[in-house]
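Reading through the structure tokens given below for one structure.
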Amino acid sequence: MAKICLCLTGKTIKRNMEILSKYRMFTDIAELRVDCLDPDERLQIRSFPELAGLPVILTIRRDTDGGFFTGGEGARIKLLANGLAYAKADSRLNFAYVDLEEDIDVPSLEEAARTFGTRIIRSYHNLNGTIDNIPAKIQSLRHVGDEIAKVAVAVKTTNDVLQIYRAAKTCAGQEKILIGMGHYGSYTRILAERFGSFLSYSYASSESETPAAAGQLDVRELAELYRFRKITKKTKVYGIAGNPLKATVSPWFFNTVFSQEDTDAVYVPFPADSVADLLELAEDMKVQGLSVTAPYKEDVIPFLIKCSVPVQSIGVCNTMIRTKDGWFGDNTDAEGFSGSLLKFLDKKNLKWQKAAIIGAGGAARSVAAEIHRLGGKAVVLNRTIHNARNVASQYGFRWGGLDNHGIEMIRKYSDIIIQTTSAGMEGSDASDPLEIYNFSGKEAVMDLIYKPEMTPFLERAAAAGCRTSNGYDMVIRQACLQYSCFMGKEIPHQLIPRI
């Protein structure tokens, strides 16, 4: 079973112990990053394993390998030797592991480690990208058979992760650590057990400590949200596909439900730069279901073997379910949106209502379809006018640009204004896509973004006296519908208030 390793990057031994004590319950192994310690503190590292009271990895990472040690190699070897010196008969009081890069060849250091039960992690880091033959690298890393091979590479595409996963299958049964560093490799850390990795490195984000490597997850999030220690080869995998996935509540929602139900499943973010590569990886990993978000809600449709009526009519898919024949596509955005909008307006339909839809992407298509179904009229406005026309013409709506002419059109369609773009989203730009429009205070204003709770667009509307709503209720409603698609049953209603 893969283990959680907490990387300790504090400047003092005392600070690292404070962090470890606080997060001990989530930690199986600690890594003392000696390269992050103040120079005087590095002289005290030998005492750390006894203070820690759990297995500790001794690591002094060079700056060329992504660490912070800038001294000479002789000084680094001496520090490693000091950490392993004065070994005690009780191996629990010694470092359990020492991380040595592939180019270190100091027989006396390695012999000292083995004599007193300290296992060697033989590591390779590539901060510039991945490599062609990972299985061969794993094989060549081991100087002796009991060493743990570690390969950490920067992943820049989904295809990079696909190659890492296939390498992991080739090396199944070998004790190793495989890491895809960076945003695209985040799920190699969550699904370490699936990647055949001995451990997953994490950090304590709430302690204002810097991640020891790009893409590390918070230790508590890894243990509690993703239930890392319960993930096995049999655990069903679901996830959300999109790019960049910096503001999504879906992992929290589904993993909380799975935990409450004690369902052997995990839901992970799959940031992707290619739909084709992601779905190839999903096939290899036997992913059971995917939520699909921007910018891929339309791009996934050619990969579906079959789809629901809403997907056919709207041309947008936000839910994919694995079947024995291939992927089935559905759309829960539309129903989630209309349920949320009607609740917000306290109405049963949209007869006599005129709406302005801002944006012309996949979300706007679902919004337009539901406004038409509920009897409303609308204008679709977008920076690229022909995209607005493509959405609007399907339902006999008007269209225009986000310019003075478009603003004049809003005044005739201002009962409801619905913002569907990513403008103002957490992790995106903080712009207001309708900044040239002056709210009268009579409009009902909805923004499909829910992180942050109040975008600049909503703040300005609220300041003018408008009723406002963000997209949180909508995303929970569509997630409940996705749960039904994934699990083949309705979500237990008693769970929703708890969630």
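Quick look at the numbers
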read-out: Of residues in the stretch 403-418 being in a loop (DSSP other than H, G, I, E, B) and touching a residue at least 40 places away in the same chain (Cβ under 8 Å), the one surrounded by the fewest Cβ atoms within 10 Å (Cβ to Cβ); value: Asp415
read-out: Filtered residue count, the stretch 67-104, keeping only those that are more than 30 Å from the chain's Cα centre (by Cα), touching a residue at least 24 places away in the same chain (Cβ under 8 Å) and outside any loop (DSSP other than H, G, I, E, B); value: 10
read-out: The stretch 100-143, subset among the hydrophobic types (A, V, I, L, M, F, W, C) and touching an Asp or Glu at 6+ places or on another chain (Cβ under 8 Å), residue nearest to Leu281 (Cα to Cα); value: Leu127
read-out: The stretch 385-396, residues that are crowded, with 22+ Cβ neighbours inside 10 Å and closer than 14 Å to Val316 by Cβ; value: Val391
read-out: Verdict on Lys246 being surrounded by fewer than 22 Cβ atoms within 10 Å (Cβ to Cβ), closer than 18 Å to Ile231 by Cβ and among the basic types (Lys, Arg); value: no
read-out: Search result, residues across the stretch 317-349 that are surrounded by 24 or more Cβ atoms within 10 Å (Cβ to Cβ), hydrophobic (A, V, I, L, M, F, W, C) and outside any helix (DSSP H, G or I); value: Cys317, Met320
read-out: Qualifying residues in the stretch 362-384 (those that are surrounded by fewer than 19 Cβ atoms within 10 Å (Cβ to Cβ) and either part of a helix (DSSP H, G or I) or not β-branched (Val, Ile, Thr) (or both)) - the one farthest from the chain's Cα centre (by Cα); value: Gly375
read-out: Test set (1) farther than 20 Å from Val249 by Cα; (2) surrounded by 22 or more Cβ atoms within 10 Å (Cβ to Cβ); (3) touching a residue at least 60 places away in the same chain (Cβ under 8 Å) - Thr421 fails condition number; value: (1)
read-out: Where a residue in the stretch 52-66 is in a helix (DSSP H, G or I) and its partner, wherever it lies, is among the polar types (S, T, N, Q), with Cβ under 7 Å and at least six apart; value: Asp63/Thr70
read-out: Restricting the stretch 208-246 to residues that are at pLDDT below 85 and charged (D, E, K, R), the residue that is nearest to Lys22 (Cα to Cα); value: Glu209
read-out: Residues of the stretch 203-255 classified as closer than 18 Å to Gln288 by Cβ and assigned to a helix (DSSP H, G or I), total; value: 6
read-out: All positions within the stretch 75-92 that are surrounded by fewer than 17 Cβ atoms within 10 Å (Cβ to Cβ) and at negative phi; value: Ala75, Ile77, Lys78, Ala81, Asn82, Ala85, Lys88, Ala89, Asp90, Ser91, Arg92
read-out: Members of the stretch 20-31 found to be touching a residue at least 40 places away in the same chain (Cβ under 8 Å) and either part of a loop (DSSP other than H, G, I, E, B) or within 11 Å of Ala52 (Cβ to Cβ) (or both), listed by number; value: Thr27, Asp28, Ile29, Glu31
read-out: Residue in the stretch 159-177 that is assigned to a loop (DSSP other than H, G, I, E, B), in contact with a Ser or Thr (Cβ under 9 Å, 6 or more places away or on another chain) and modelled with pLDDT of 95 or more present; value: no
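The values are calculated or read from the model by the stated rules, or taken from the named source; none is laboratory data. Please read all numbers here as calculations on a predicted model, not as lab measurements. Virtual Cβ from ideal backbone geometry, glycine too; neighbours counted across all protein chains shown.
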